[in-house]
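Derivation of every value follows stated rules applied to the coordinates shown; laboratory data play no part. The model shown is predicted, which means the values in this text are computed figures rather than measured ones. Glycine gets a Cβ as well: all are built from the backbone with ideal geometry, and neighbour counts include every protein chain shown.
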Amino acid sequence: MESMQRTAVAGLVLAMCLASVAIAESRKEYRYNVGPQANVSVDAQYGAVSVKPGSANQVLITAIAKGDKVDVESQQNGNRVEVGSRLRPGADPQSGRVDYELSVPPDATVHLRSSTGPITADGLQGDVTLEGAGAQVEARNLNRGHLVVQTMSGPITLNNVHNGHVEITSISGDIHLNSVTAQLVKVESTNGRIFYSGDFGSGGDYRFSTHTGDIEALVPASASAEFSAQSLQGQVQNDFPLQPKQHSHISLDATRAFIGTAGKAASAVVMRSFSGKIRLKQR
Amino acid sequence: MKCADVQRVLPEVIENRQDGELEAHLKSCPACSELVSDLKLISSEARQLSASDEPAPRVWVRIAAELRAEGVIREPEAATPAPATTSRRSWSAWWLVPVAAALLAGASYIVTHKPAPQVAGQQGPAVTTPAAPASQPPATVAQAPAAKASSPQNAKNREVAEASSAEDQQFLSEVSQRAPGMRVTYENQLRSVNNYIRDAQAYLDQNPDDEDARQHLIEAYQQKAMLYQMALDHVQ
């Protein structure tokens, strides 16, 4: 009997806890009909933002408010959909948090912004811009569009991004690129580390640059690219069997620079650091 | 009036201050004339933004366009899509004017004031000093040899650095007022990009023909511009 009473009390407490969570967590859904190449913007302030492809003519937004000092605003102007958090006075990352989940047409142009993140874009084919101050940012399975990612300290990860233009900038966040092939891949960091793993495709222009951050490229033996690396005040290390390149414009100090080609040198890879270490490795 | 004098009175200049000596200098100096023209354009854009409470990306797009036009930014095509205008910023766009001025002046300086080849030093590492306070100007002049410290080029470095320091103080002050908890974060990031600018500038001073160092300096300024933009976007 006593055991049943305890169970009942525990169940009641649990139900009350769940109810309080449900009350604190406000969930709203927004649906907008759009045409081709819609423009979708999310300004989350604080909270997670994720986007994935959905219906070709509809934007579905689920906003889950986790705090009580924030309002969600959403509007549509023609083919443009905007949603964002408006913070009330005194809001902080907890009380102002709203998580957004989006389903958008695959060809939509998407702009996501959050200070805290995480921010995730998956499976899109349009232009994608991801901005996070301290937010962790991940982009995966993107094809054809322009991808722009900017963070202040948040780490950035790209997986399977192909056939577009990629511009990544972070001041102190580490940047990981796995299987990223595009016409232009430009990655810049001040303190953060840049790590690339992949074959550099064919015909791409890759530029990696840091101040103090290290740069490391892990490349398969089948890669076809011209590599040049220079660290003005740091070290370089080449563990990849490059063919020497003649008429190099870099005055080669072997400890600070190297240049050479692999395969037919279909892509150009330029790795530059001011004082970080640059390393090219065979996978 | 000299170029340095014009840079000192830039805020008044963009407010259309009438000055015969200034006008005479602008007529005879294409670099200053272009700079003032650019800043007036930015100022005009900022006014419109302030009036409509619209976000600032157009200003930055305009700056980027100007920098591209001057060859500071060289990209195969407009790879950066214009940011969408979903922002709910409450910052006055006006504070961007001096910031944009400082960054534009810094970037323009890099391109337009390429030093004479005979000043070139030997290839070698520039001195890297310990981390400076975030708002301390890049200490390029102090690190340069005495003979170089007195050159017109380094005098310009000093002016650019001092202008930058003032803008940094304003920047951090704005962050402190709007998001006190974020000040340390932004201060640390600002210190990082300023160190980048300082190191690249110091190296470039010693190796004036080093295009790689010049590119690093440009990128350092771009990172700083991004940091300002981040604050505008994320600090309410």
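Its alpha carbons give chain A an Rg and a Dmax of 23.3, 91 Å. Between amide H atoms placed 1.01 Å from N, distances below 5 Å from residue A:210 occur with A:189, A:272, A:273, A:274, all of them 5 or more places distant or on a separate chain. Under a 5 Å amide H cut-off, with hydrogens placed 1.01 Å from N, residue A:119 pairs with A:49, A:136, A:137, A:138 among residues at least 5 apart or on other chains. Residue by residue along B:184-190, Cβ atoms of other protein chains within 10 Å of the local Cβ number 3 on average. From least to most packed, judged by other beta carbons within 10 angstrom and beginning with the fewest, B:218, B:42 follow the order B:218, B:42. Taking amide H positions as modeled 1.01 Å from N, with prolines and chain starts lacking one, the residues under 5 Å from residue A:46 and 5 or more places away or on another chain are A:98, A:115.
Enumerate the aspartates and glutamates that residue B:40 could reach by cross-link, defined here as Cα to Cα under 15 Å, with residues fewer than 8 away along the same chain left out. Here the aspartates and glutamates satisfying the reach criterion relative to residue B:40 are B:12, B:15, B:23, B:66. Remark: mean inter-chain Cβ contacts per residue of A:107-113 equal 3, using a 10 Å Cβ-Cβ cutoff to other protein chain atoms.
Run through every distinct alpha carbon pair of the range A:74-178 and return the Kirkwood hydrodynamic radius in angstroms, one decimal place.
Values: mean 1/r = 0.0697 Å⁻¹.
For the range A:74-178, inverting the mean 1/r across all distinct Cα pairs yields 14.3 Å.
How high is the relative contact order of chain A, in percent, counting Cα pairs under 8 Å that sit 6 or more residues apart?
Numbers: 868 pairs, mean separation 33.2, N = 283.
Answer for chain A is 12 percent.
Along the range A:169-178 the Karplus relation, 6.51 cos²θ - 1.76 cosθ + 1.60 evaluated at θ = phi - 60°, assigns HN-Hα couplings of 9, 9, 7, 10, x, 6, 10, 10, 10, 10 Hz to successive residues, with x for each Gly and Pro.
Got a sec? How would A:25, A:138, B:219 order by Cβ neighbour count within 10 Å, fewest to most?
Numbers: A:25 12, A:138 20, B:219 26.
Arranged by neighbour count, lowest to highest, A:25, A:138, B:219 become A:25, A:138, B:219.
Longer than 22 Å from Cα to Cα, which of A:66/B:224; A:52/A:186; A:28/A:69; B:2/B:27; B:27/B:224 are they? Say none if no pair is. In this structure, A:66/B:224; A:52/A:186; B:27/B:224 lie more than 22 Å apart at Cα. In terms of surrounding Cβ atoms within a 10 Å radius of their Cβ, A:166, A:270 rank from fewest to most as A:270, A:166. Start at zero, step by 5 Å, and the Cα-Cα distances of the range A:162-211 spread as 6, 22, 34, 22, 12, 4 percent across the bins.
All Cα-Cα distances of the range A:131-194, cut into 10 Å bins from zero to the largest, leave 26, 58, 16 percent in each bin in turn.
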